[in-house]
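A short worksheet on the structure shown next.
None of the figures in this text is laboratory data; all of them are computed from the coordinates on show. Worth saying up front: this structure is predicted, and the values here are computed from it rather than measured. Cβ placement follows ideal geometry from the backbone for every residue including glycine, while neighbour counts extend to all protein chains displayed.
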Amino acid sequence: MHCPFCQHHDTRVIDSRVSEDGATIRRRRECEACGERFSTLETIELKMPVVIKSTGNREAFDARKLRTSFDRALQKRPVSEEQIEAAVRAVVHQLRMCGEREVPSIRIGEFVMAELRKLDHVGYVRFASVYRSFEDVADFREEIEKLERDLPVGSEQLPLLDLERAAGRVPEKTGKR
């Protein structure tokens, strides 16, 4: 590796450490010529499949776009950065494991929805509303009812709708005393 300070062609590794998730190695290096030290990160480079958009266009997979999708869906939701990163890694892993050179964007959207469904139902409905182009409130209601039906017993997530309150059986709480 070339030295970023003097461009000398030879540097030596003086320390290596594996990251917590095991996905990268941080190497501390020293230049043989000028003695300056610097760090490098080593990651696995695997070829990601090309994404086939709904228009038929093809483009390179971009993990930043994937992360942005999660961030938008989960904005102001009680989901940690670590959980979001894990979900992004899970989608990337699924894409790598599919073994295909080209993947339709609709399939990536399904992977994202599956991860969002596990993380946060509100984020899931937000993403689904854009992804599936909900036309009206009935589309939202149908998706929420489907989520509620499929909700595992003892789920940590809160219900999306308080059906008693929605039916008018329980009065809304007001800020008045």
(Q) Contact list please: Cβ distance under 7 Å, first residue in the range 130-150 and over 21 Å from F70 (Cα atoms), second residue surrounded by 14 or more Cβ atoms within 10 Å (Cβ to Cβ) and among the aliphatic types (A, V, I, L, M), pairs at least six apart or on different chains. (A) E148/L160
Q.
If a residue must be loosely packed, with under 13 Cβ neighbours inside 10 Å and at negative phi, how many such residues does the range 68-95 contain?
A. 8
Q: Please determine, by comparing only the residues of the range 10-27 that are under 26 Å from R89 (Cα atoms) and in a strand (DSSP E or B), which one is nearest to the chain's Cα centre (by Cα).
A: T24
Q. Residues K53, K47: which one is without any contact (Cβ under 8 Å) to a residue 12 or more places away in the chain and not hydrophobic (A, V, I, L, M, F, W, C)?
A. K47
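Name the residues in the range 102-122 that are farther than 18 Å from R64 by Cα and either under 15 Å from the mean Cα position of the chain (by Cα) or crowded, with 16+ Cβ neighbours inside 10 Å (or both), would you? Let's see the steps before the verdict.
Just the residues of the range 102-122 that are farther than 18 Å from R64 by Cα, to begin with: 102, 114, 117-122.
Residues satisfying the conditions are A114, R117, K118, L119, D120, H121, V122.
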Q.
Please go through (1) closer than 14 Å to T68 by Cα; (2) more than 14 Å from the chain's Cα centre (by Cα); (3) not β-branched (V, I, T) for A87 and return the number of the only condition it doesn't satisfy.
A. (2)
